[in-house]
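Have a look at the structure below, then the notes.
The values are calculated or read from the model by the stated rules, or taken from the named source; none is laboratory data. Bear in mind the structure is a predicted one, so any value in this text is a computation, not a measurement. For neighbour counting, all protein chains shown are included, and Cβ atoms are generated from backbone atoms with ideal geometry for every residue, glycine included.
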Amino acid sequence: MSKAKFLKGASRRSMLQQFGAAAIGISFAGGLSACGRGGGGSTVNFYNWDTYIGPTTLDDFREATGTTVNMSLFATNDELFARLRAGNPGYDVIVPSNEFVTRMSQAQMIQELDRSLIPNFANLAPEFQDAPFDPGRRYSVPYTWLTLGIAYRKSAMPANFVPDSWRYLFDSPQFTQRIAVLSESADLIRLCAKYKGISLNNIPDATLTEIEQMLIRQKPHIKAFHEDDGQDLLVAGEVDVVLEYCGDIAQVVSEHGDAEYGWVIPREGTLINQDCLCIPVGAPNVAGAHAFINYLLDAEAGQKIAEEIQYPTPNAAARALMPEEYKNNPIIFASPEVMAVSEYGAFEGDERARLYEEIFTRISAA
Amino acid sequence: MEQSWKQAKAAFAAIAAPPVLWLLLFFLIPIAVIWAYTFGENVGPVTIDFTGTFANYARALEPLYLGIFGKSIVVAGLTTVLCLIIGFPVALAIAFASPKMKAWLLLLIMLPFWTNLLIRTFALIAVLREQGYVNFALEWLWNNASGFMTLIGLAPLGEYEPLTLLYNNTAVVIGLVYVHLPFMVLPLYSALDRMDRSLMEASLDLGAGHLRTIWAVVVPLAAPGIASGVLITFIPALGAYLTPDLLGGTDSQMIANVIERQFKRANDWPFGAALSFLLMYLTFIAIAAQAFVQRKAERRG
């Protein structure tokens, strides 16, 4: 009887309000503790992607220099941007992708690097020592680079068939309901532009309308929009062709063998991304940040990282130390012919991003 | 004995002050800031200018977004109706169980509720996918039926085709019902538990059958409980984000997914705030309707 009375007394509105207050209180406490951790002495706060570091890298750095690295994780560039948007909560080193390097440098959220404190810059392969999205490499140094391509289940393909065109994802009913693509609006639209044979930057409006119509027509054949877990969908048997990043598929193939799963970058070319190390404005330990970035560009440290994460490395010295299966792995390092027709995606302003998002909303709602 | 707060104002103020302050500081003020954003404009990548413009609301009321609102309302409504149909018998069963069983049954309903929403949704994925438990069970039944048919001389059934239970709107509704069932059962149970049993006995004595008693006597008496259960299921289901994201297919987008994209990739906080507040105004209307039903029931009861 008393239990019933208690339930009767708490009204829905106050219960909802209390849930909301508790949620906000908990997230605020988390934010405060993050602030308290940074600053002063020998710590460096590192904001990184998940599973994007070697198993002993941070400990090795501490042994070499005495500086402790506190690593926190984020899942998408948008999360990184949203975290730093209202001011730096105490991070020293962050890892944005190429487009976000441009965006954050324009928004004055990252500071220029002092190259004299990063002598290991010379370890980088010549093609990575400059970048179209960061002329002169003033704000960033490359950490890894990655390509998008099609991963497929060999047993579901017709004999000797390789889906080497974006058509099989975006414009063909051949693999109906066995396709998964990334839910990133910009990536989808840019790859469709590549399929149509034009540059993925500065897409004209008429082409955007064509791309929207094409994706709306293709939508019944696409099973799911995945959020970077396409390789799990492929392995679980949900789909047969999936749009994914090279490193994820390299891991799948090394686990399951290449008899079952294949990877191809379509002949029309693809989007190249580069994850870069930057120092946000307001970093509490700028000297430590430079030292840590320099350490990550060291040949041996780079080798251990590449061994663990299996993504292509821009560090020529680290690549030289890697075993043959890595250096000659066609999944990890795309062929020169494909690289010749592939491009980096440029940041084209917030208005463009909003336009792409609205296109994606229309495609999803159609 | 209940005491009106007017009789002990100092004690009431002392106890009420900390939670009210907390609510004010961490709930009302941030919500007020977001409400101010709805009248703002983006200038530059990180700054918002408060210009008192209604452009964000105008854009949020475009047919594209109204359509998504409508679809979210339909999905949330379907979820609520299913929760009601499943939850009412469950609440009845718990309310009329022996006191010892009552505690255990309530615990059974609430236990999944204490598990993280993300983990429960992933568990549903493991159950519903093509290599999931539902398909395993059906495949086993299919193969046994096939074996049985060869035994009695008929042609065996063909290869088992797994059911596609995931990445479509059905999966989203299943997921939403699974997640929101405790929200429906608990207020219903509370209303049924404090219902006067003698009225039911009187109805049965006067010759009405059991089903008729439930329809004509129990349901109207439990109406406030039903109203609050419906409200507390409908509103979270309307704003559901995780379930359509993880379980849904290419056209399972709900309004919360659109709002999330405005705050993240599109970097358009005023517009995201306007969409969120349209959702909130809908919520206020629903709460007002529920309060109206409650007051009517109290006046009658």
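Key figures for this structure:
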| quantity | calculated |
| --- | --- |
| Evaluation of residue B:45 against (1) modelled with pLDDT under 90; (2) surrounded by 14 or more Cβ atoms within 10 Å (Cβ to Cβ); (3) more than 10 Å from chain A (Cβ to nearest Cβ) (one fails), failing number | (3) |
| Tally, over segment B:165-211, of residues that are over 20 Å from the mean Cα position of the chain (by Cα) and more than 12 Å from chain A (Cβ to nearest Cβ) | 16 |
| Whichever residue in segment A:313-334 is outside any helix (DSSP H, G or I) and without any contact (Cβ under 8 Å) to a residue 40 or more places away in the chain and, among such residues, is farthest from residue A:259 (Cα to Cα) | A:321 |
| Neighbours by Cβ (under 7 Å, 6+ apart or cross-chain): first from segment A:92-118, farther than 11 Å from residue A:279 by Cα; second among the hydroxyl-bearing types (Ser, Thr, Tyr) | A:98/A:344 |
| Extreme residue, surrounded by the most Cβ atoms within 10 Å (Cβ to Cβ), among residues of segment A:248-307 that are acidic (Asp, Glu), in a helix (DSSP H, G or I) and over 20 Å from the mean Cα position of the chain (by Cα) | A:300 |
| Options B:71, B:100: the member that is part of a helix (DSSP H, G or I), within 13 Å of residue B:237 (Cβ to Cβ), out of contact with any Pro (no Cβ under 7 Å at 6 or more places or on another chain) and of a type in the set (D, E, K, R) | B:71 |
| Any chance residue A:29 is buried (at least 16 other Cβ atoms within 10 Å of the Cβ), part of a helix (DSSP H, G or I) and either within 14 Å of chain B (Cβ to nearest Cβ) or at pLDDT below 90 (or both) | no |
| Answer from A:164, A:187, A:134, A:130 - the residue that is under 24 Å from the mean Cα position of the chain (by Cα), more than 30 Å from residue B:44 (Cβ to Cβ) and not aliphatic (A, V, I, L, M) | A:164 |
| Every residue from segment A:168-213 that is over 26 Å from residue A:354 (Cα atoms) and assigned to a helix (DSSP H, G or I) | A:168 |
| Selection count where residues are within 14 Å of chain B (Cβ to nearest Cβ) and of a type in the set (Phe, Trp, Tyr), scope segment A:87-146 | 1 |
| Every residue from segment B:120-168 that is in a helix (DSSP H, G or I) and over 26 Å from residue A:177 (Cα atoms) | B:144, B:145, B:146, B:147, B:148, B:149, B:150, B:151 |
| Scan of segment A:138-160 for residues that are surrounded by 19 or more Cβ atoms within 10 Å (Cβ to Cβ), over 17 Å from the mean Cα position of the chain (by Cα) and over 30 Å from residue A:240 (Cα atoms), ordered by number | A:139 |
| Output for segment A:215-231, where each listed residue is surrounded by fewer than 17 Cβ atoms within 10 Å (Cβ to Cβ) and modelled with pLDDT of 90 or more | A:216, A:217, A:219, A:220 |
| Checklist (1) of a type outside the set (D, E, K, R); (2) outside any helix (DSSP H, G or I); (3) assigned by TED's automatic domain parsing to the domain that holds residue A:133 applied to residue A:346, failing item | (3) |
| Search result, residues across segment A:269-299 that are touching a Gly at 6+ places or on another chain (Cβ under 9 Å), under 30 Å from residue A:200 (Cα atoms) and among the polar types (S, T, N, Q) | A:270, A:273 |
| Leading residue by the ranking (farthest from residue A:206 (Cα to Cα)) among those in segment A:323-366 that are within 14 Å of chain B (Cβ to nearest Cβ) and among the polar types (S, T, N, Q) | A:364 |
| Contacts under 8 angstrom Cβ, first residue in segment B:122-148 being surrounded by 12 or more Cβ atoms within 10 Å (Cβ to Cβ), partner polar (S, T, N, Q), 6 or more apart | B:129/B:135; B:130/B:164 |
| Scope segment B:98-116; condition farther than 13 Å from residue B:186 by Cα, at pLDDT 90 or above and among the hydrophobic types (A, V, I, L, M, F, W, C); matching residues | B:101, B:104 |
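Rundown of residues vs (1) within 30 Å of residue B:131 (Cα to Cα); (2) touching a Ser or Thr at 6+ places or on another chain (Cβ under 7 Å), yes/no style:
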{"site": "A:194", "(1), (2)": "no, yes"}
{"site": "A:203", "(1), (2)": "no, no"}
{"site": "A:210", "(1), (2)": "no, no"}
{"site": "A:213", "(1), (2)": "no, no"}
{"site": "A:244", "(1), (2)": "yes, no"}
